[in-house]
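This report refers to the structure that appears directly beneath it.
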Amino acid sequence: MTEQAAPPSAVQAPAPPKPAVYDPPDIPGKGPTDWGGGWKWGLISPLILIALAVAIRVYQAWAVFPWGLDSSTTQFFWMWRMLVVAFLLGVGIFTVVWWRWILNTGRQLPERFSRREEVRRIAVFWGLIGATSVNLYIEASFWPNEDGAFHQTLVRDTAFTVAHIPMFYLFFPLGVTLAVGTYLYGRTRIPAVYGADKGFPWSFFLLISATVTEVAQVAMNEWGHSVNLGNAGAEEFFAVWFHWPFVLYGWLAGGIFALWGETILRLYQIEDEEAADARDTAPVQPPTAAPV
């Protein structure tokens with residue numbers, strides 16, 4: 001008998017080895033759910049936003065009455081109109097740097113990672129949701145309340161008022177930055193929930209639509225105030241027509257609650273997987289003899 005060698009095409013190439021599972025070192029105090037670990041930015045980022053809002057409010061208290069009531073003055077131009085430029089540039093630079101960092105580092109992350117690492121990423125994700133929620137409160141509650149009180153006590157001579165400037169040109173665009181950045185983080189770090197194969201989630205569609213609606217509404221709102229400035233006391237009455245989309249924003253922003261729900265379900269799945277692994281690796285107990 002002659003032995004016939006199999007053709008090279010029929011030889012099955014060995015399967016490439018799976019990449020190792022990434023599991024970060026266990027550092028005391030910096031675990032997945034420790035305050036210095038996964039929850040760190042959930043504490044730091046809201047504090048930064050609150051400190052920013054407080055600093056602006058202190059600036060208003062100091063500068064509004066001497067230099068913030070007459071838009072025709074040089075002081076108003078430098079102390080308030082230029083603040084619009086500073087806010088927009090600051091948000092724009094932060095947005096580019098942060099989004100670029102998320103995407104660049106996301107490409108370098110290991111494909112496989114431990115459940116402990118996934119829990120840490122979900123904790124960071126929740127921190128970003130918390131920061132977005134704080135920003136939404138600041139932009140939609142604190143500043144509008146100040147805005148209403150401010151405009152009931154004077155007749156404005158410009159749409160770029162001291163109440164509108166931080167609300168419309170800092171915290172509104174910052175809401176878009178945080179909402180989209182939170183999605184990019186989930187897309188690159190939590191593939192089991194927001195991976196490419198999952199499609200684009202409705203929760204983020206609603207939240208991002210809310211923040212974009214707010215920014216688009218600014219243009220219509222400021223235009224509505226500007227064209228009615230000549231109506232003096234009636235200006236607020238006529239401009240009310242240009243405020244109703246803010247209600248739509250509130251409804252759309254409700255999508256943020258679904259983000260917690262989606263990741264909570266993933267945590268339950270991780271818990272079930274851990275329990276299943278514990279059962280599979282548990283030592284088999286020898287059968288006990290039946291009593292005589």
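The values are calculated or read from the model by the stated rules, or taken from the named source; none is laboratory data. Since the structure is predicted, the reported quantities are computational estimates derived from the model, not experimental observations. Cβ placement follows ideal geometry from the backbone for every residue including glycine, while neighbour counts extend to all protein chains displayed. Each accessible area value is taken on the protein alone, full model and side chains, heavy atoms only, with ligands, DNA and RNA left out. Shrake-Rupley method; radii C 1.70, N 1.55, O 1.52, S 1.80 Å.
Identify, among 173, 130, 218, the residue whose Cα sits farthest towards the positive end of the charge dipole of the range 121-228, taking +1 on the Cβ of Lys and Arg and -1 on the Cβ of Asp and Glu, with the dipole about the Cα centre.
Ranked along the dipole, the leading option is 130.
Sort 206-216, 141-151, 93-103 by packing, meaning the average of other beta carbons within 10 Å per residue, with the highest value first.
In descending order of packing, they fall as 206-216, 141-151, 93-103.
What length, rounded to one decimal in nm, is gained on full extension from residue 51 through to residue 27, with 0.36 nm per residue of separation minus their alpha-carbon distance?
5.7 nm
Leaving ligands and nucleic acids out of the surface, order 34, 272, 197 by accessible area at 1.4 Å, largest first.
From most accessible down to least: 197, 272, 34.
If you consider only alpha-carbon coordinates, what radius of gyration and Dmax does the range 110-215 have, in Å?
My reading of the Cα-based Rg and Dmax gives 17.9, 61 Å.
At 7 Å along the Cα-to-beta-carbon direction for both residue 268 and residue 246, put a label point, then send me their distance in nm to one decimal.
Going by the 7 Å Cα→Cβ label model, 3.8 nm.
Based on Cβ point charges of +1 for Lys and Arg and -1 for Asp and Glu, what charge dipole magnitude is obtained for the range 15-104 about its Cα centre, in debye rounded to the nearest 20?
That gives the range 15-104 a dipole magnitude of about 140 debye.
Arrange the peptides 251-264, 123-136, 72-85 so that the one whose residues have, on average, the most other Cβ atoms within 10 Å appears first.
Output ranking for 251-264, 123-136, 72-85: 123-136, 251-264, 72-85.
For residue 277 and residue 62 in one chain, what is 0.36 nm times their gap in residues minus the Cα-Cα distance, to one decimal in nm?
Extending this stretch completely gives an extra 71.2 nm.
If each of residue 94 and residue 75 carries a label point 7 Å out from its Cα toward its Cβ, how far apart are those two points in nm?
Calculated label separation equals 2.8 nm.
Can you give me the accessible area per residue for the range 153-217, using a 1.4 Å probe, in Å²?
33
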